[in-house]
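All remarks here apply to the structure that follows.
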Amino acid sequence: MSDVYLSLGSNLGVRETHLNNALERLQKKGIRPVRLSSFYETEPVDVTDQPDFLNLVCQVSTKLDPFQLLSACRQVESEMQRLREVNKGPRNIDIDIILYNQRIIDQPRLTIPHPHWSQRNFVLIPLQEIAPDLRDPATGHSIQELIARSPDQARVTLVTGPEGI
């Protein structure tokens with residue numbers, strides 16, 4: 001089984017329901033949650049003229065290789081009728097692979113660690129909650145060091161504590 005970190009976000013509709021629905025669908029594809037962060041409400045980054053997001057990070061265990069995992073995540077987004085009309089625009093669900101067993105992958109279809117993850121507080125703050133000792137496989141920096149270096153000024157607000165798995 002592989003040790004993987006996913007970031008999930010939603011800024012359309014009933015955001016918490018979308019996140020929980022995505023987690024259930026991922027489990028049916030062999031992607032088992034191990035630890036879930038709290039929910040965080042976050043200001044959008046890059047395309048700022050859109051509703052706030054609800055985000056979480058989860059550690060999952062899976063037998064899927066990185067490309068199979070990417071396919072499974074895209075299938076869940078498709079099943080949930082995610083539309084990709086505007087790059088980084090509003091969406092009911094977004095599932096990103098942040099880390100996969102400390103591996104570094106740089107392929108046209110898949111980049112791990114996820115590009116810019118180390119500069120996104122909506123990923124770093126929930127990740128610090130569930131994996132404070134984790135290190136960036138590319139730089140060796142701790143999560144706390146990455147948060148201190150992050151240029152991201154967008155608001156990240158704790159909404160609810162973890163529900164458990």
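Suppose a student asked you for the relative contact order of region 49-126, using Cα pairs under 8 Å spaced at least 6 residues apart; what percent would you report? All intermediate terms of the calculation are to be shown ahead of the outcome.
Numbers: 52 pairs, mean separation 22.2, N = 78.
Dividing the mean separation by the residue count of region 49-126 yields 28 percent.
Once the Cβ-Cβ distance between residue 14 and residue 75 is put in as r, and R0 is 22 Å, what FRET efficiency do you end up with, to the nearest 0.05?
Values: r = 21 Å, r/R0 = 0.97.
E(calc), rounded to 0.05, equals 0.55.
Given the Cα-Cα distance of residue 160 and residue 34 and 0.36 nm per residue of separation, how much length would full extension add, in nm?
43.5 nm
Sort out for me the Cα centre separation of region 23-47 from region 85-119, rounded to whole Å.
That distance is 13 Å.
For region 80-165, what does the relative contact order come out to in percent, with C-alpha contacts under 8 Å and a separation of six or more?
Details: 79 pairs, mean separation 17.7, N = 86.
It rounds to 21 percent for region 80-165.
Give me the net charge of residue 136's neighbourhood, meaning all other residues with Cβ under 13 Å from the Cβ of residue 136; Lys, Arg count +1, Asp, Glu -1. Please list the in-between numbers first.
Working: positive: 103, 120, 135, 149; negative: 133, 145.
Around residue 136, the surrounding residues sum to +2.
Using the scaling law 2.2 N^0.38 Å as the reference, what is the normalised Cα Rg of the chain? Mind showing how you got there, number by number?
Values: Rg = 14.6 Å, N = 165, 2.2 N^0.38 = 15.3 Å.
The reported ratio for this selection is 0.95.
By counting other Cβ atoms within 10 Å of each Cβ, how are 85, 16, 24 ranked from fewest to most? Before the final figure, lay out the partial values.
Numbers: 85 7, 16 14, 24 11.
Ordered by Cβ neighbours within 10 Å, fewest first: 85, 24, 16.
Exactly which trypsin sites (Lys or Arg not before Pro) in region 34-122 are in a DSSP loop and have at most 13 other Cβ atoms within 10 Å? Walk me through the numbers on the way to the answer.
Numbers: sites: 35, 63, 74, 82, 84, 88, 91, 103, 109, 120; in loops: 63, 82, 84, 88, 91, 103, 109, 120.
The qualifying sites are 63, 84, 88, 103, 109.
Net charge around residue 67, counting only other residues with Cβ within less than 14 Å of its Cβ (Lys, Arg = +1; Asp, Glu = -1)?
Working: positive: 29, 63, 74, 103, 109; negative: 65, 106.
Residues near residue 67 contribute +3 overall.
Read the figures in this text as sums done on the coordinates, not as results from a lab. None of the values given here were measured: they were computed from a predicted structure. Please note: Cβ atoms are built from the backbone with ideal geometry, for glycine as well, and neighbour counts cover all protein chains shown.
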